[in-house]
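Visitor: Next up is a structure, given as C-alpha cells.
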Amino acid sequence: MQSSLLSLPQQHAPEVTQYAPEPAPTASYASSTVELGDLKRILVRRRFLILATAALLTLVTLLYGLFTPALYSSVAEIIIDPQDLQVVTNDVNPSRVPPDGGITMVESQVSVVQSTGVLLRAIEATNLTEDPEFNGQGGLVGRLLGGLLGSGSAETDRTGKTLDALRGRLAVKRADKVLVLDVIVTAKSPDKAAKLANAIAQAYLADQASARAKMATDASDSITARLDEQRKRVQQAENAVEAYKSAHNMVMAAGNLVSDQELTEINTQLSAAQSRTATLKAQVDQLRRSGGAPDATSEAMRSSVISSLRAQEATLVDQVSQLGTELGPRHPSMIAAQQQLRDTRALIARELGRISAAAETDYERALANQQALEAKVAGMKSKSLDTDQASVKLRELQRDLEAVRSVYATYLQRAQETREQINVDSTNARIISQAMPALKKSWPPLPLLLFGALFGGLGLGTALALIAEYSSPTVLSSAQMQSAIDAPVFGVLPAKSARRRWWPFGGAAASAGQKTDAVAGLALRRLFASSRRPPNWPLVPSILLTSPPEDAAQRGRVARLLANAAAARGSRVLFIDTNNAGGGKKEPQPGLLDVLRGEYAFDALSQYTAGSNVAVLGRGRQKAVFSEAQGVYFTQQMLAQAGRNFDLVVVDGGALADNLNASPLVAMVDEIVMVATLNSTPMRDVTTASQAISVMGRLPTGALLVDEAA
C-alpha cells in the first residue's frame, strides 16, 4: 500500500538537519606495512609459491648431482720454516725470523704456489697439455669454443688453456697458526689428482731452489763485474804512491823511509856514545882524584895483571921477611929477594900508569865519537825537516791505497762465496705428506647440495613471497588496517569454514560458530562503547557496513552476524540489504530505493524473518533517480520511524565506490564500519573505499576483519 508521502513534491523536499557523528578520537596509529607477526600470514597464504620454488630448486640440484661427472681431490702438505738453513755466514738470502713468527712470509707462499712459474713446471713435468680434461679439447663444445675463441699458435693456446684449467682446479690453503701449506688438486681421476698435487709440490720446491740459485748467480755476476774496476783502482793508488816517493826521493825499506830509519839508528848510537863517554869521564876523574894511589881505583882492582903482581909482591914480602930473620940483610939471597920485590913494585907502578893512560885515551876517543855522532844527527835532522811535508801527503796516499786494497779484498772474497752458494740450496721447506689417491669423491656432495637447495629454495620462495606481497600488499593485521583508515578495528571474525588450520602452531579452540558469535557480540559492544551519539537522538541506532567489491560475500556475512548477535541479545533489529533486489524473485520487490524516493512507507515494507527478531528490507526497485537531498530526508524519516519498532538498524551498504544509492544512508547512520579480509583484501582497495566514504562527507568509524586462516 502506498503511503501519503507520495503527495510530497520532490522538488520541494524539506531541509533536513543532519547528524553527522564524528568518529571517536582514537590513538595515533603508527604507520605500518608488514610487521614481523604478519610473516606467518604471508607465508601461509603464499605457501604454494614457497614450496614450489623449493621443490623446483631441489629437483634441479638433484639432476645436477646425478648427471655431473664425479671429481676427486688429493692433498699434498708442505712445511715451510721461515728461518732458512745457515750454510755460510754471509748468505745472499739472509735468514731472519720476522716479528710475527713468519706467518706473513708463509702466507705469501700461498700465492707463490699458485704462480704461473710453478704451475708451468708442474704442467711440463706431467705433460698435462696432452690431457683432454685440462687442455680444452675435452668434448665437442670445448673444441668448437677453442676454434672460435682461440688466438695465437696452437701450442701457446693449449698451454694457456691448460694453465687456466689447472689454476681453476687448484686450491692452496694454510690452517690457522701453522706453517704448513695444503696443496689441493681436483680432477676426474683420483690418481691424476694425487699426481698433480705431488707435481705442484715438487715444482714449488724446485722453483724456490732455482730462484735462490739465480739470486746467488746475479749477485756473483754483479760482484765479479766490479772486481776489474776495484783492481784498477788499487793499481792507480799504488802508482800514485810510487810516483810521489820517486818525485820526492823518498826511499822506503820495510814500510818506512830509509832516512827515518837512519836517523833512528844514529840516535840510538848517539845515546850509547853519550853513555860511554860519561862512564869513561867518571873513570878519568876518579883516577885524577886518586893522585899517588891509582891502585885504589876500580880499574886497578879489576885488572888481572895488577892482581897477579900484587900476589907476587905479597909472596916476595913474606920471603924477604923470612930471609931477613934467617940470613941477615947482607946475605945474597936476601939481596936477591929484595931486588925482586923492587922489580915487582916497579911493574905494578908501570901497569897502573898504563891503566891511567888507557882510561885517558878511551875517554878522548869516546868524546870524539860522541861529537861526531852529534854533528851527524844535527845534519840529518835538518834534512828530515825538509821531508816532513812530503811525508804527510805520502801517508794520505798510503791510507787511500790501504782502503782501496781492503775494498778489493772484500769484493774478491764475496765473489768467491757467492759463486759457491749457487750450488747450495738453503731453502728450509720440505714435503711432509705426499698426496694419496682419494677414496671418496669430493664433488658433487649430493646430500649437502640437496640440503642447501631445499633450504635455499625455501628462502628464495620466502623472498619471492615477500616481494609479491610488497608489490601488491594486502591487509595483514589490525595495526595495518588501523593505519590505513585511521580508525580502530573492533574485532577479527573467523571465516565461515571450520576446517582445521594448515599452520601447525596454536592450541585447540572453541567451535567456529561459538567463536564467531562471541567476536561479533564483542565487536558490537566495542562499537557502541566508542560511539558519540547525542543523548535523546530521535533516530534509531544504525550501523552501515561497507567493503571493497571483492569482499561482498564476507561483508554480507558480517552484517548478518552483527544483526543476529544483536537479536540474540533481545534487540529488535532491522537489516537493510542494499544489494538484494527482494527475496531472490525474478521481479524486484519494493524496498529501500522505493522508500528513499517516497513511493512507499517504511512500515509497509519492513518484514520480520520467521522465528527471529530481525526484520529485512531489500534494495527495492531502481526505476528513477532521486536527488540526494530527497534521499537524505526520507532516510531520516525512515530511521525515525524505525526507532519506534526497532532497537538497531544494520545496513549492508555494499561497495560505496560503486553504490551511490547508499549515499543518503552514509549521511545519516551512526557508524560506518569497513569490512576486509586478512591476507586477501588489497590495500589499494581499502584506500579506495575509505576515499569513497570521505567523498560522501564521512569518515570510517571502525573496521571488522575476517580471518580465513582462523
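The values are calculated or read from the model by the stated rules, or taken from the named source; none is laboratory data. Note that the structure is predicted; figures quoted are calculated from it, not measured. Neighbour counts are summed over all protein chains in view; Cβ atoms, including those assigned to glycine, are modelled from backbone coordinates with ideal geometry.
Visitor: Have a look at Glu417, Glu402, Glu396 and point out the one that is within 30 Å of Leu179 (Cβ to Cβ) and either in a helix (DSSP H, G or I) or of a type in the set (D, E, K, R) (or both).
Guide: Of the residues listed, the single one that is within 30 Å of Leu179 (Cβ to Cβ) and either in a helix (DSSP H, G or I) or of a type in the set (D, E, K, R) (or both) is Glu417.
Visitor: List the number of the failed condition for Leu227; all other conditions in (1) at pLDDT 80 or above; (2) within 16 Å of Leu394 (Cα to Cα) hold.
Guide: Unmet for Leu227, out of (1) at pLDDT 80 or above; (2) within 16 Å of Leu394 (Cα to Cα): (2).
Residue by residue, here is whether (1) touching a Lys or Arg at 6+ places or on another chain (Cβ under 9 Å); (2) within 27 Å of Gln370 (Cα to Cα); (3) modelled with pLDDT of 80 or more holds:
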position: Thr279; (1), (2), (3): no, yes, yes
position: Ser290; (1), (2), (3): no, yes, no
position: Ala296; (1), (2), (3): no, no, no
position: Ser304; (1), (2), (3): no, no, no
position: Gly328; (1), (2), (3): no, no, no
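Visitor: Restricted to region 182-194, and to residues that are out of contact with any Asp or Glu (no Cβ under 7 Å at 6 or more places or on another chain) and assigned to a strand (DSSP E or B), which residue is surrounded by the fewest Cβ atoms within 10 Å (Cβ to Cβ)?
Guide: Within region 182-194, the match that is surrounded by the fewest Cβ atoms within 10 Å (Cβ to Cβ) is Ile184.
Visitor: Among the residues in region 370-391, are any at pLDDT 80 or above, in contact with a Ser or Thr (Cβ under 8 Å, 6 or more places away or on another chain) and either under 30 Å from His248 (Cα atoms) or not assigned by TED's automatic domain parsing to the domain that holds Tyr64 (or both)?
Guide: Scanning region 370-391, I find at least one residue that is at pLDDT 80 or above, in contact with a Ser or Thr (Cβ under 8 Å, 6 or more places away or on another chain) and either under 30 Å from His248 (Cα atoms) or not assigned by TED's automatic domain parsing to the domain that holds Tyr64 (or both), so the answer is yes.
Visitor: If you don't mind, there's one more thing I want to ask. Checking the structure you have, find out if any residue of region 486-509 is in a helix (DSSP H, G or I) and either of a type in the set (A, V, I, L, M) or at pLDDT below 80 (or both).
Guide: no
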